[in-house]
Amino acid sequence: MLALLKREIRIAWRAGGGALTGVLFFLAVVTVFPFAVGPDTKLLSHLAPAILWIGALLASLLGLDRMFAQEREDGSLDMLVMQGHPLMLVFFMKAFAHWLMSGLPLVLATPLFGIMLNLSPLGIGATMITLLAGTPAISFIGAAGASVAVKLPRGGMLISVLVLPLVIPVLVFGIAAITGALTDPAPFTTPFLFLCAITLFTSVLGPLAASVMLRHSAD
Amino acid sequence: MKLCVENMALMRAGEEVVRDISFELNAGEALVVTGENGSGKSTTLRGVAGLLPLASGEISLVDDTGKVFENPVREYCHYLGHKNGMKPSLSVRENLDFWQKFMGENLLSVEEALEEVDLSHTIDLPYYYLSAGQKRRVAIARLLVSDRPIWILDEPTSGLDAQSVTLFTSLAKAFVEDDGILIAATHLPLGLDKTKTLEIGS
């Protein structure tokens with residue numbers, strides 16, 4: 001199973017894999033926002049957590065359409081499905097690899113982009129930790145979405161439409177936790193724990209849904 | 001070891017493509033599946049490989065004492081379809097190494113398997129560098145890195161030149177003579193002693 005993780009990471013690093021594309025896309029979204037908002041640093045720092053979260057959300061969606069469609073195109077999916085490994089575990093690994101190469105770089109890039117958006121050090125810390133806890137859920141839900149659209153030649157758009165509504169709870173609790181960290185009466189721990197719970201829950205449900213979908217949609 | 005397929009029927013897009021497929025293959029026997037284009041050869045092979053849900057019928061693998069293997073038959077199969085199942089951006093070694101680790105039951109090392117298909121010199125090249133025939137041979141090398149008692153091959157020699165076809169038939173022959181079970185959709189004579197034929201769509 002570790003061989004699968006290693007292979008996924010290798011593919012993502014090589015040309016066309018798109019590990020860096022996500023970070024660049026994130027950078028592009030974050031850079032465009034100050035132009036839209038105008039030269040109001042106070043408003044910008046107020047909006048910064050939301051901008052970072054939405055940027056991370058959109059960047060995480062980028063590679064999803066390739067997660068299973070490419071495996072199917074080159075014939076690897078048949079062999080992945082045929083072996084004795086629990087299929088759910090195979091797809092958990094694929095989703096986890098997707099997070100490692102798309103979500104984790106965004107978390108690491110957050111301090112830099114936080115400074116660009118005039119976010120306080122505490123705000124940067126809170127955004128980083130909520131992104132770290134929340135972005136895996138996007139990859140796991142995305143795995144389920146990607147399995148539905150595996151046969152479509154241009155499935156990317158459909159996957160985004162399927163996945164975005166499902167990640168709204170992640171966004172809600174992520175932002176609530178950051179607000180809790182930055183303003184006094186609101187709690188940080190409660191929404192943060194909810195966020196962690198969502199990630200753990202989807203880490204089981206997402207790969208499970210994908211395995212059921214791909215086992216029975218064979219052609 | 002014996003592979004039994006009884007009254008297999010397969011549906012695709014709500015329509016029955018093949019029906020009443022029955023055959024038995026003992027260890028050391030080969031089955032050549034023939035039929036016109038579109039008659040359902042590939043569908044049949046995918047059905048045996050467990051890649052299509054069966055509409056009816058049963059596939060089972062029985063050992064010499066008559067005991068049925070509990071795991072699904074697909075776990076004992078190598079499947080080589082029209083597509084090679086290799087990642088273009090990885091090198092030949094990385095591709096085969098991954099499949100060996102993922103499939104388990106190591107047989108030949110990656111180097112030895114590539115030597116068998118006469119491609120030792122390409123081991124560190126990215127897979128997309130290779131010609132179509134060489135790509136097919138790498139896919140054939142995949143059959144050699146993990147031990148599976150059943151090979152299911154769909155047009156295994158497509159894209160191969162005459163020399164590579166000879167190479168492939170000798171590999172297939174060695175596999176069958178070593179008590180393997182081979183099912184292939186092919187127009188070429190495999191040169192095997194015990195070959196059964198299954199005509200589809202007649």
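Assorted remarks:
- Residue ID - nearest to B:A139 (Cα to Cα), chosen from residues in segment B:64-74 that are within 12 Å of another protein chain (Cβ to nearest Cβ) and not aliphatic (A, V, I, L, M): B:R74
- Test: residue in segment A:47-56 that is assigned to a helix (DSSP H, G or I), in contact with a Pro (Cβ under 8 Å, 6 or more places away or on another chain) and among the aliphatic types (A, V, I, L, M): no
- Positions within segment B:96-113 being touching a Ser or Thr at 6+ places or on another chain (Cβ under 8 Å), within 14 Å of chain A (Cβ to nearest Cβ) and farther than 9 Å from B:R142 by Cα, in sequence order: B:M103, B:G104, B:E105, B:N106
- A single member of B:L54, B:L31 is buried (at least 20 other Cβ atoms within 10 Å of the Cβ) and of a type in the set (A, V, I, L, M, F, W, C), and it is B:L31.
- Verdict on B:A30 being within 13 Å of chain A (Cβ to nearest Cβ) and out of contact with any Asp or Glu (no Cβ under 6 Å at 6 or more places or on another chain): no
- Scanning segment B:127-161 for residues that are among the acidic types (D, E) and under 30 Å from B:F69 (Cβ atoms) yields B:D147, B:D154, B:E155.
- Any hit, segment B:100-108, residues being over 30 Å from B:S22 (Cα atoms), of a type in the set (A, V, I, L, M, F, W, C) and either over 19 Å from the mean Cα position of the chain (by Cα) or loosely packed, with under 15 Cβ neighbours inside 10 Å (or both): yes
- A residue that is of a type in the set (S, T, Y), touching a Gly at 6+ places or on another chain (Cβ under 8 Å), within 14 Å of chain A (Cβ to nearest Cβ) and more than 15 Å from B:E155 (Cβ to Cβ) occurs somewhere in segment B:75-90.
- Some residue of segment A:9-28 being within 24 Å of A:L77 (Cα to Cα), more than 15 Å from the chain's Cα centre (by Cα) and aromatic (F, W, Y): yes
- Only one entry in A:M93, A:M101 is buried (at least 19 other Cβ atoms within 10 Å of the Cβ), within 14 Å of another protein chain (Cβ to nearest Cβ), within 11 Å of the chain's Cα centre (by Cα) and in contact (Cβ under 8 Å) with a residue 24 or more places away in the chain, namely A:M101.
- Boolean, A:I138 is among the aliphatic types (A, V, I, L, M), crowded, with 23+ Cβ neighbours inside 10 Å and in a helix (DSSP H, G or I): yes
- Qualifying residue in segment A:160-179 (condition: assigned to a loop (DSSP other than H, G, I, E, B) and crowded, with 22+ Cβ neighbours inside 10 Å): yes
- Scanning segment B:141-148 turns up no residue that is part of a helix (DSSP H, G or I), of a type in the set (D, E, K, R) and at pLDDT below 90.
- Test for B:V18: is it part of a strand (DSSP E or B), within 28 Å of B:S170 (Cβ to Cβ) and of a type outside the set (D, E, K, R): no
- Some residue of segment A:117-129 being over 12 Å from the mean Cα position of the chain (by Cα), on the phi > 0 side of the Ramachandran plot and either in a loop (DSSP other than H, G, I, E, B) or of a type in the set (S, T, N, Q) (or both): yes
- Consider segment A:71-87 and keep the residues that are at the interface with chain B (Cβ under 8 Å from one of its Cβ atoms) and assigned to a helix (DSSP H, G or I). The one that is surrounded by the fewest Cβ atoms within 10 Å (Cβ to Cβ) is A:E73.
- Any hit, segment A:40-54, residues being within 14 Å of chain B (Cβ to nearest Cβ) and among the aliphatic types (A, V, I, L, M): no
- Enumeration of residues in segment B:33-62 that are within 14 Å of chain A (Cβ to nearest Cβ) and assigned to a loop (DSSP other than H, G, I, E, B): B:G40, B:A49, B:G50, B:L51, B:L52, B:P53
- Residue match in segment A:108-130 (condition: modelled with pLDDT of 95 or more, surrounded by fewer than 24 Cβ atoms within 10 Å (Cβ to Cβ) and within 30 Å of A:S211 (Cβ to Cβ)): no
- Considering residues of segment B:187-202 that are aliphatic (A, V, I, L, M) and at pLDDT 80 or above only, the residue nearest to B:N26 (Cα to Cα): B:L198
- Positions within segment A:181-219 being small (G, A, S), within 14 Å of chain B (Cβ to nearest Cβ) and not in a loop (DSSP other than H, G, I, E, B), in sequence order: none
- Close pairs from segment A:148-173: first free of Cβ contacts under 8 Å to residues at least 24 places away in the same chain, partner of a type in the set (V, I, T), Cβ under 7 Å, at least 6 apart: A:L162/A:V148
The values are calculated or read from the model by the stated rules, or taken from the named source; none is laboratory data. Quick caveat: nothing in here was measured; it's all calculated off a predicted structure. Heads up, the Cβs are rebuilt from the backbone with ideal geometry, glycines too, and the neighbour counts pull from every protein chain shown.
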